[in-house]
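Structure first, commentary second.
The values are calculated or read from the model by the stated rules, or taken from the named source; none is laboratory data. Fair warning: this is a prediction, and the values are worked out from it, not measured in the lab. Neighbour counts run over all protein chains shown; Cβ positions are idealised from the backbone, glycine included.
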Amino acid sequence: MPDILIVEDEESLRNVLQINFNREGYTSDAAESFQQAKELMDKNRYDVILTDYRLKGSSGFDVLRYQQEKMPFAQTILMTAYATVENAIDALKLGAYHYLIKPLKMEELNAIVKKAIEKARILNDNFLLRQKIRNQYSVDNLIGKSPKMLKVFDIIKRIADTRTTVLLTGQSGTGKEVIARAIHNLSSRREGRFVVVNCGALPESLFESELFGHVRGAFTGAVSDKQGLVEAADKGTLFLDEITEMPLSLQVKLLGLLQNSRARRVGGTEEYEVDIRVIVATNKDIEEEVKSGRFREDLYYRINVIKIDIPPLKERKEDIPLLLDNFIRIYSAEQNKAIKGISPEALRLIMNYDFPGNVRQLENIIERAVTLTREGIIDTDVLPDVIKGKTSEPVKNIYQYGGIDLDAKLQEIEKEAILDALREANGKKIHAAKLLGLTFRSFRYRLAKYGIAAEDEGEEEKE
């Protein structure tokens, strides 16, 4: 496959460019018009299209638009002797990779073309890999070949196009929301909205209004009618994450919604009807929540029609190489880097780690590794210490001085973990709570317990 297509109506410049690219080790085709360029693009695939802005009877924008239609991963570079800021902005808005001013500086041109070719090939490889994975080991955006995940995929395919309520269980970071979206995307409701409600992040005082809506004057501050998230999900899917954090007073109203497909706004007198599919998720032992009285037994039986247990990553380690390849290609393309893979030793360390944060933790580790790797392959030097089995300080014999106050030590560790999570999340409390596998309500309790300042509480609760 030729690497580059040159579209230039000046013959001498076409020849110079072809000679230059041949010297750089590339193969190239040349066209003097948009029509010739179209014919070549219909027959061949190129990594880079280098086109003059002014062509006889057309423009470089025509070439750019046709490239995006025929070969979306190719990168188009426009060149012109008649540069304007408006043209440059328009070119970039249309998706051009770069905009060069004539006369061309060959050293600058070659550097830009090299990066453009790398990006085009990364994007193309990423697309091909996604296709291969999708065909062999995936459902929607889920990836896996382990027996446990293949069983999950089979259930998803069988129940996707029904209205049956689904209960997703599994540890934090296993991909419950991704699975819920896959069920939605594979169903006839895919054109409707997929509405996410994080039951652990909504303040109890506002929960009912957010979920079911309210009428004007229902309470102080209700200055107008408001549609709830249930209404917003009509003809689509409502995903209730962390369902065990829903207040008991609202659980009976959710039960009514599931049984009758009807609800009432706060302060309203009339019920409205909705056509929704409900998917719920929890990282807790929901049966234990029922036994303790924190979750209604009748609601549990109503949501537990189809239950999908999502295995933690440590129980599906044969999926890790597939996930690694996928994340490497995604973040390499995003950061315009030519990362080809991972070293055997780095892979060994990752495979030996238990991943308490599951797939989410693995993805974060690979994003970090791609960010720190310039090119080539990911090696052990860019992996976090926790993967390499290192700790910040050596373990001490805590009993040689007569033992410790275990409760105080555990509180010290917990407080430090909360502070670390807040630093990692740049102060975003909802994000920090997720990093620790806590509900937002539980996280706020711990902030108050340890006297940790919460300066942006109002902003957090809106997230």
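Values for this structure:
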read-out	value
In region 73-97, the residues that are of a type outside the set (G, A, S), within 26 Å of N124 (Cα to Cα) and in contact (Cβ under 8 Å) with a residue 12 or more places away in the chain	F73, Q75, T76, I77, L78, M79, D90, L94, Y97
Failed item in (1) under 29 Å from the mean Cα position of the chain (by Cα); (2) part of a strand (DSSP E or B); (3) in contact (Cβ under 8 Å) with a residue 60 or more places away in the chain, with L50 passing the rest	(1)
Qualifying residue in region 199-222 (condition: under 27 Å from I155 (Cα atoms), crowded, with 20+ Cβ neighbours inside 10 Å and aromatic (F, W, Y))	no
Where K56 falls short, out of the listed (1) of a type in the set (D, E, K, R); (2) in contact (Cβ under 8 Å) with a residue 40 or more places away in the chain; (3) crowded, with 17+ Cβ neighbours inside 10 Å	(3)
Filter pass, I77 being in contact with a His (Cβ under 6 Å, 6 or more places away or on another chain), surrounded by 21 or more Cβ atoms within 10 Å (Cβ to Cβ), under 24 Å from A333 (Cβ atoms) and of a type outside the set (S, T, N, Q)	yes
Flag for D62 being acidic (D, E), in contact with a helix residue (DSSP H, G or I) (Cβ under 6 Å, 6 or more places away or on another chain), surrounded by 13 or more Cβ atoms within 10 Å (Cβ to Cβ) and in a helix (DSSP H, G or I)	yes
Cross-chain or 6+ apart pairs with Cβ under 8 Å, region 208-236 first and touching a residue at least 40 places away in the same chain (Cβ under 8 Å), then part of a strand (DSSP E or B) and surrounded by fewer than 16 Cβ atoms within 10 Å (Cβ to Cβ)	G213/Q227
Given (1) out of contact with any Ser or Thr (no Cβ under 9 Å at 6 or more places or on another chain); (2) surrounded by fewer than 21 Cβ atoms within 10 Å (Cβ to Cβ); (3) of a type in the set (V, I, T); (4) part of a loop (DSSP other than H, G, I, E, B), index of the condition I155 fails	(4)
Residue match in region 340-360 (condition: closer than 25 Å to F73 by Cα, in contact (Cβ under 8 Å) with a residue 24 or more places away in the chain and assigned to a helix (DSSP H, G or I))	no
Selection count where residues are at pLDDT below 90 and among the β-branched types (V, I, T), scope region 216-235	2
Boolean, I365 is modelled with pLDDT of 75 or more and not charged (D, E, K, R)	yes
